Amino acid sequence: MFVTKNLYQNDEAWKTTPLGKGSSETIGSWGCLLTSVTMMLNGIGYNETPLTVNDKFKNAGGFNGALFMPSVLPYVWPNCAYRDMQPCEAYPAPITQIDAAVAAGKPVILQVDWNKQQGIQTHFVLVKEKKGDDYSIYDPYKYSGDGPDKDVLLTTRYKFNGAKLESEISAVLWFDSYSTTPPEPPKIARVPVPAEKYIIYAGEDDLSLRAEPSIGGYLWKRMLLGTELICLEDKVKARTKIGVQGQWIQVQDPKGDQGYVAAWYVSTQKGKPASSSSTTVSAPAAGLAPVPGSAPRPGTSVPAPVPAGALALYPTEELSFRTQPVISPDTLIRRVRPTEQLISLEPAKTAIPKVGVQNQWLKVRDASKKEGYVAAWYVKYASGSTAMTAAASMPVAGGPVKVKAAAEGVALRNQPVVSDNSLIKRVSINYEFTITEPGGEAKIGANDKWIKVKDATSEGYVAAWFVSR
């Protein structure tokens, strides 16, 4: 059972507070997902209210107007792992998978229909536990008579589509946490910033800032690609570490927080993916680690360049590499760690819709060039993936060329540089843009390229490797 305290979006303390950034909506009217997430965060060890989550998420760029983008959560609350949002309006909800997650005590947020009007009138609730053929829920909207001691069943309250779980649930948001309670942060003496500043940059999204130079070090935060870091070590010594597996560099981030980052995930150029050395080490270490405790194997080299037209992936946690897309002891080849790059052997147009989706499988090639299958709901895109097909690189005669975001939380920026100042907004997967530059379609999926685009309200740049046709 997932245990937390019920909070309500229509609480007098915050119901009139504007939701998100630049929105006229309020927490009371549209804050069901925000409030469900707040309850989820408190259940994994935080102490938040819808007000504090609203403010912190705005500062992190987690809203597109009033639209809450769950993919940004781990950058603000490192103990939270967001897996995916799985739509199931057009087919039965994956009850078996939800049951398994709930039985394991994992937080699951469900989208339901709160009104009998035609179509889905979106509302989000957090699952507490399974009760017979129903779910007991933490409902973020307080109805008359609701209270901490009242058990609310999903299909008793939300019953406009057959009153069955399979039909009442129209989407599932999958979450996890790395520990039941985030550990207490250590007390560490600050290091003076050198007079001659040597600046390096996060070369990947999700780069971890840790209290010690090891995977066991306390995780201060995760940082986005392009985050500017001041090196606190000798410049000459630090340069020899950049791109080297197993090496760590002591740094200070733009907010003044100090710690260590994995040297093979930093870059000397802003907005550029990490350029790793082929040097190998005999001791395990890790930095870009969605799951603490994961580390590259001793002696492994850095990922090979991504072939043109391929989609590069990383596991979101240690996962099984199998001979067939079937969960069985007979199909297991080995376990793949989160730091190992996988190359999809399927066309990008078929692979992209599967990434992060429950019950989907991808045929991939591992670092040793062996072929097999992995669960698509446990992989994510690698920064710099060249998800480009022949069709995507061909200009279209007549009319504007449109592209779609190939991942959750793709950034639209006012210049082709990754920084807090350049961010216009983040958009959800499959969000559509129109290319505004001549020949821009030829860049689709290319490493280190940017495309000038526009939507109904904004014009800017998107990373070419995170869009597709």
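The values are calculated or read from the model by the stated rules, or taken from the named source; none is laboratory data. Note that this is a predicted model, so its numbers are computed, not measured. So basically every Cβ, Gly included, is an ideal-geometry build from the backbone, and we count neighbours across all protein chains shown.
One table, with the values for the structure above:
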item	result
Answer from Lys363, Lys369, Lys354 - the residue that is modelled with pLDDT of 75 or more, out of contact with any Cys (no Cβ under 8 Å at 6 or more places or on another chain), on the phi > 0 side of the Ramachandran plot and not assigned by TED's automatic domain parsing to the domain that holds Val462	Lys369
Residue within the range 269-277 that is at pLDDT 50 or above, closer than 21 Å to Pro74 by Cβ and of a type in the set (D, E, K, R) present	no
Per-region count, the range 120-155, residues in a loop (DSSP other than H, G, I, E, B), out of contact with any Cys (no Cβ under 8 Å at 6 or more places or on another chain), surrounded by 15 or more Cβ atoms within 10 Å (Cβ to Cβ) and at pLDDT 90 or above	2
The range 448-463 residues that are assigned by TED's automatic domain parsing to the domain that holds Val417, paired with ones that are in a strand (DSSP E or B) and surrounded by fewer than 14 Cβ atoms within 10 Å (Cβ to Cβ) (beta carbon under 9 Å, 6 or more apart)	Asp455/Glu432
Qualifying residue in the range 28-39 (condition: surrounded by fewer than 17 Cβ atoms within 10 Å (Cβ to Cβ), free of Cβ contacts under 8 Å to residues at least 24 places away in the same chain and part of a loop (DSSP other than H, G, I, E, B))	no
Complete set of residues in the range 211-246 that are buried (at least 23 other Cβ atoms within 10 Å of the Cβ) and of a type in the set (S, T, N, Q)	Thr227, Gln245
Of all residues in the range 43-91 being touching a Cys at 6+ places or on another chain (Cβ under 9 Å) and of a type in the set (A, V, I, L, M), the one that is nearest to Asp205 (Cα to Cα)	Leu73
Yes/no for Gln111 being of a type outside the set (Asp, Glu) and modelled with pLDDT under 90	no
Residue pairs meeting the criteria (Cβ under 8 Å; at least 6 apart or on separate chains; first buried (at least 23 other Cβ atoms within 10 Å of the Cβ), in the range 332-356; second modelled with pLDDT of 80 or more and charged (D, E, K, R))	Val336/Asp366; Leu342/Arg365; Leu342/Asp366; Ser344/Lys363
All positions within the range 3-19 that are part of a loop (DSSP other than H, G, I, E, B) and within 27 Å of the chain's Cα centre (by Cα)	Val3, Thr4, Lys5, Asn6, Leu7, Tyr8, Gln9, Thr17, Leu19
Filter result for Val251 (farther than 25 Å from Pro315 by Cβ, surrounded by fewer than 17 Cβ atoms within 10 Å (Cβ to Cβ) and aliphatic (A, V, I, L, M))	no
Top-ranked residue of the range 193-210 - restricted to ones that are in a loop (DSSP other than H, G, I, E, B) and touching a residue at least 12 places away in the same chain (Cβ under 8 Å), ranked as surrounded by the fewest Cβ atoms within 10 Å (Cβ to Cβ)	Glu196
The range 211-238: number of residues that are under 26 Å from the mean Cα position of the chain (by Cα) and either free of Cβ contacts under 8 Å to residues at least 12 places away in the same chain or in a strand (DSSP E or B) (or both)	8
Residue that is surrounded by the most Cβ atoms within 10 Å (Cβ to Cβ), among those in the range 55-104 that are in a loop (DSSP other than H, G, I, E, B) and without any contact (Cβ under 8 Å) to a residue 40 or more places away in the chain	Trp77
Unmet criterion (only one of (1) modelled with pLDDT of 90 or more; (2) part of a helix (DSSP H, G or I)) for Glu48	(2)
Top-ranked residue in the range 362-378 [being surrounded by 18 or more Cβ atoms within 10 Å (Cβ to Cβ) and not aliphatic (A, V, I, L, M); ranked as farthest from Val467 (Cα to Cα)]	Gly372
